[in-house]
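Student: My structure is below; once you've seen it, I'll send some questions.
The values are calculated or read from the model by the stated rules, or taken from the named source; none is laboratory data. Everything quoted here is computed from the prediction, not taken from an experiment. Here Cβ is always computed from backbone atoms with ideal geometry, including for glycine, and neighbour counts include all displayed protein chains.
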Amino acid sequence: MTPTAPSDPLEGELLDGRYLVETKIATGGMSTVYRGLDTRLDRPVACKVMDARYAGDQQFLTRFQLEARAVARLKHPGLVAVYDQGTDGRHPFLVMELVDGGTLRELLRERGPMPPHAVTAVLRPVLGGLAVAHRAGLVHRDVKPENVLISDDGEVKLVDFGLVRAVAEAGITSTSVILGTAAYLSPEQVASGSSDPRSDVYSVGVLTYELLTGTTPFTGDTALALAYQRMDNDVPAPSTQIGGVPPQFDELVLRATARDAAGRYPDAAAMAEHLDAIAAELNLPAFQVPAPQNSAQHASAELHHSRMHEHTTERRPRPAAEPILPVRHPTRAMTRGPEDWADEDWADAPGSAGELPPVGQFAGIDLHEFAWARQRARRAGVIWLAIVLVLTGSVAAAAWSLGSNLTALLGP
């Protein structure tokens, strides 16, 4: 996916009466990903909105719903969590965990090939997430750098489970699916469209080759030519393309990408076990994968915060006769009115009675958040003062009691 212009017709819309579409992150051939807000739970989310052409395809919608339900049941740190799915007008959409960071593709563009310990740090969570899915009977079918997200905290997560299957079973021919996955497809996917956990293993093998060398093993003038090369050619050992690759990683890649599926690891768990053995044998150091700096997600977040700042700084004072309500989140203010505010909202407001939280930002953080933190700190201070006073009083009372009975205790 590539960054796109900030203006978009869906920005500012409320999907299914709940998910506020804020800023576009990136777009591809069959969907667009937006930064959004779950207005019911007041949490940021990622909204993947499918192209409108899929809205009228009942076969796609059925498969889309089934795949979303299956993936939502998967729990693993290496998988992007799926929260919800639905169709709003002409737009089927998926609501997912928002990962602040970027894609593995963007990181490869910035830094190039990775050393073995960094490759291991990427593969472990990817294989761990795939292993959970494989045990549940699910196959990803589209493992590639674009579908591996890296958070600013160094978390590595796999996204877009089942989406290729839903699109492939739609009544619409989508060349974007072939174009996006051609470099990573297993031979059986090219030959017959069939896939199982070993197909994901093949794709991870190609991904490993690319992480080590900076390129994919096959090239071609067209997507089909690229895809069919793996029918007649083995993936070469990474060490033949770049120096310094340990033979253990050559073995890992060659076994994962065997043309005959029977020669591969049976699933992601088996490949992960071999990877761990290699890491132990080579004594590879622990490593935190860095998020790409110039990512589409970072650009979208910067645009979002810029718009939020403009929204707060351009706000004009209201007439004195009109009651002013405390705003805890500027985007929520656009969808909530005075009748939605309960008495406890006023009771918990920071500062003295009638004091309003400040507006604006500092270091990208809304100033009213500082006000709430300050109020909590004040309350904590009062509580600690009360505790100290109680303890002091207890000690004084004990001392007084001891002094009063000292004569009796020391008597003849």
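Student: Here is a check on your reading of the model: is S194 of a type outside the set (A, V, I, L, M, F, W, C), surrounded by fewer than 18 Cβ atoms within 10 Å (Cβ to Cβ) and either over 18 Å from N147 (Cα atoms) or modelled with pLDDT of 90 or more (or both)? Let's see the steps before the verdict.
Tutor: Details: of a type outside the set (A, V, I, L, M, F, W, C): yes; surrounded by fewer than 18 Cβ atoms within 10 Å (Cβ to Cβ): yes; either over 18 Å from N147 (Cα atoms) or modelled with pLDDT of 90 or more (or both): yes.
Criteria met by S194.
Student: May I pose another question? Just to be sure I understand the filter: pairs with C-beta atoms under 7 Å, separated by 6 or more residues or on different chains, first member in the range 71-93 and within 14 Å of L149 (Cβ to Cβ), second member modelled with pLDDT of 90 or more and in a loop (DSSP other than H, G, I, E, B). Which pairs pass?
Tutor: P77/E155; V80/V99; V80/V159
Student: Which ones in the range 81-108 are more than 20 Å from L15 (Cα to Cα) and acidic (D, E)?
Tutor: D100, E106
Student: Sticking with this one: Does G112 satisfy being touching a residue at least 12 places away in the same chain (Cβ under 8 Å), over 24 Å from L303 (Cβ atoms) and out of contact with any Leu (no Cβ under 8 Å at 6 or more places or on another chain)?
Tutor: Working: touching a residue at least 12 places away in the same chain (Cβ under 8 Å): yes; over 24 Å from L303 (Cβ atoms): yes; out of contact with any Leu (no Cβ under 8 Å at 6 or more places or on another chain): yes.
So G112 passes the test.
Student: Let me ask you something else. Name every residue in the range 131-148 that is closer than 22 Å to T213 by Cβ and outside any loop (DSSP other than H, G, I, E, B), in order of residue number. Can you show your working first?
Tutor: Here is the first cut: in the range 131-148, the residues closer than 22 Å to T213 by Cβ are 142-148.
Result: P145, E146, N147, V148.
Student: Sticking with this structure for a sec: Residues E302, E251, E210: which one is out of contact with any Lys or Arg (no Cβ under 6 Å at 6 or more places or on another chain), among the charged types (D, E, K, R) and in contact (Cβ under 8 Å) with a residue 60 or more places away in the chain? Full working, then the answer.
Tutor: Details: E302 fails: in contact (Cβ under 8 Å) with a residue 60 or more places away in the chain; E251 fails: in contact (Cβ under 8 Å) with a residue 60 or more places away in the chain.
The match here is E210.
Student: While we're here: Out of all the residues in the range 1-21, is one or more closer than 15 Å to V159 by Cα and in contact (Cβ under 8 Å) with a residue 24 or more places away in the chain?
Tutor: Pass one, the range 1-21, residues closer than 15 Å to V159 by Cα: 1.
Then drop every residue that is not in contact (Cβ under 8 Å) with a residue 24 or more places away in the chain, which leaves 1.
Yes, that holds for at least one residue.
Student: Just for helices (runs of 4 or more DSSP H) wholly inside the range 203-315: which have at least 3 residues that are modelled with pLDDT of 95 or more and not basic (K, R)? Can you show your working first?
Tutor: Details: elements: 223-232, 247-256, 268-282, 296-313.
The qualifying helices (runs of 4 or more DSSP H) are 247-256, 268-282.
Student: In the range 21-54, which residue that is over 16 Å from the mean Cα position of the chain (by Cα) and small (G, A, S) is modelled with the lowest pLDDT?
Tutor: Checked the range 21-54; the qualifying residue modelled with the lowest pLDDT is G29.
Student: Which residues, counting only those in the range 77-104, are touching an Asp or Glu at 6+ places or on another chain (Cβ under 7 Å), charged (D, E, K, R) and within 13 Å of K48 (Cα to Cα)?
Tutor: Listed by number, the list holds a single entry, D88.
Student: Do we have G154 as surrounded by fewer than 24 Cβ atoms within 10 Å (Cβ to Cβ), without any contact (Cβ under 8 Å) to a residue 24 or more places away in the chain and assigned to a loop (DSSP other than H, G, I, E, B) here? Reasoning before the result, please.
Tutor: Values: surrounded by fewer than 24 Cβ atoms within 10 Å (Cβ to Cβ): yes; without any contact (Cβ under 8 Å) to a residue 24 or more places away in the chain: no; assigned to a loop (DSSP other than H, G, I, E, B): yes.
So G154 fails the test.
Student: Only one residue in L163, L130 is surrounded by 22 or more Cβ atoms within 10 Å (Cβ to Cβ) and at pLDDT 95 or above, so which one is that? Give the steps one after another, and end with the answer.
Tutor: Values: L163 fails: at pLDDT 95 or above.
Going through L163, L130 in turn, just one is surrounded by 22 or more Cβ atoms within 10 Å (Cβ to Cβ) and at pLDDT 95 or above: L130.
Student: Out of all the residues in the range 55-70, is one or more closer than 19 Å to K144 by Cβ and charged (D, E, K, R)? Can you show your working first?
Tutor: Step one: list which residues in the range 55-70 are closer than 19 Å to K144 by Cβ, which gives 67.
This time we only want the ones that are charged (D, E, K, R), so: 67.
Yes: one or more hits.
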